[in-house]
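Structure, as structure tokens:
The values are calculated or read from the model by the stated rules, or taken from the named source; none is laboratory data. Because the structure is predicted, anything quoted here is derived from the model rather than measured. With ideal geometry, Cβ positions are generated from the backbone for all residues, glycine too; neighbour counts draw on all protein chains shown.
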Amino acid sequence: MKIAVIPNLTKDPELIYSNKVKEYLASEEAEIIDYGKSLEGYDVAVVIGGDGTILEIAGEAARTNTPIIGINFGNLGFLSQIEKADIEKIKNILSDFKTKDVMMLSGKINGKEEVNALNDMVIRGDISRMVSLEIYIDGQKAGEYSADGVIFSTPTGSTAYSLSAGGPIIHPKMDGILITPICPHSLDARSMVIPPDCRVEVKIVPPYRTKPVLTADGKTVKTIENDDTVEITRSALRLKLIEIDDNNFFEVLGRKIK
């Protein structure tokens, strides 16, 4: 089995823990690589960092169909299956493991330049400036928000930014698209969950107070012009996350989010 060990160098700058992982996997072919290297040909990727580190490589791992297991060196670490203090667990997990496929989102502006996200796509205005957005679902107008922005989330991302904005938690074994306004200027603006095969279109409407931006998993993709249409759908890519038998979703939820 060929294993890629991918460290976050701000969390493990001297590769102390990365080399420990290599030692624990002494019987395997493990190699420490950086973010930019392709995962083509690797059977598993061990990610050392936090949720942000996993989000960094999720697209490449999904593209190459490479299962991921995360070792949490961050704060929340909701996507990671092993905590830093339990790093030696990696010895037993990779000898016989199962995976779960999780949904990702696809985003396009005017039908071009597709980007993918594991957690969420966000359209938002500049700091302290509201944006007015019309939401269409399968061609039918579903609502209009005047807000700081709108989050379009996967079930995996429902415990991230969307949750902070008041959105519901969706079980990760479900597929669906969660739409959550950010600080809406209306008392009746609420989150909604729609089926995963729906096509969401977003248009900017007057008054044009700001130049909104589209972000994918926290990274700015592009500034949205007034006449642009943003399309968000379920991605053709799915990410494989390695499962640990004793990791109960509700127990982890209660421990991580208090």
Subset of region 87-132, residues within 15 Å of Pro212 (Cβ to Cβ), of a type in the set (A, V, I, L, M) and assigned to a strand (DSSP E or B), comes to Ile109, Met121, Val122, Ile123, Val131
Boolean, Thr53 is surrounded by 13 or more Cβ atoms within 10 Å (Cβ to Cβ), part of a strand (DSSP E or B) and among the β-branched types (Val, Ile, Thr) = no
Test: residue in region 150-167 that is among the β-branched types (Val, Ile, Thr), assigned to a loop (DSSP other than H, G, I, E, B) and under 22 Å from Ser80 (Cβ atoms)
yes
If we keep only residues of region 1-26 that are in contact with a Gly (Cβ under 9 Å, 6 or more places away or on another chain) and of a type in the set (Lys, Arg), then the residue farthest from Gly70 (Cα to Cα) is Lys2
Condition set at pLDDT below 90 and of a type in the set (A, V, I, L, M), scope region 16-29, selection surrounded by the fewest Cβ atoms within 10 Å (Cβ to Cβ): answer is Ala26
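Could you please find all residues in region 6-25 being assigned to a loop (DSSP other than H, G, I, E, B) and either under 22 Å from Ser38 (Cβ atoms) or not assigned by TED's automatic domain parsing to the domain that holds Thr53 (or both)?
Asn8, Leu9, Asp12, Leu15, Leu25
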Note on region 104-113: residues out of contact with any strand residue (DSSP E or B) (no Cβ under 6 Å at 6 or more places or on another chain) and either surrounded by 14 or more Cβ atoms within 10 Å (Cβ to Cβ) or within 14 Å of Leu25 (Cβ to Cβ) (or both) are none
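Conditions tested, residue by residue: (1) farther than 16 Å from Ser18 by Cβ; (2) touching a helix residue (DSSP H, G or I) at 6+ places or on another chain (Cβ under 8 Å); (3) crowded, with 23+ Cβ neighbours inside 10 Å.
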position: Val46; (1), (2), (3): no, yes, yes
position: Gly59; (1), (2), (3): yes, no, no
position: Thr64; (1), (2), (3): yes, no, no
position: Ile69; (1), (2), (3): no, yes, yes
position: Gly74; (1), (2), (3): no, yes, no
Residue hits (region 126-138; farther than 16 Å from Val205 by Cα and in contact (Cβ under 8 Å) with a residue 60 or more places away in the chain) are Ile137, Asp138
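In this structure, is Pro172 assigned to a loop (DSSP other than H, G, I, E, B) and either at positive phi or surrounded by fewer than 19 Cβ atoms within 10 Å (Cβ to Cβ) (or both)?
no
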Only unsatisfied item for Asp246, checking (1) at pLDDT below 95; (2) within 19 Å of Ser132 (Cα to Cα), is (2)
Residues of region 176-199 being of a type in the set (A, V, I, L, M, F, W, C) and surrounded by 22 or more Cβ atoms within 10 Å (Cβ to Cβ), in sequence order, are Ile177, Leu178, Ile179, Ile182
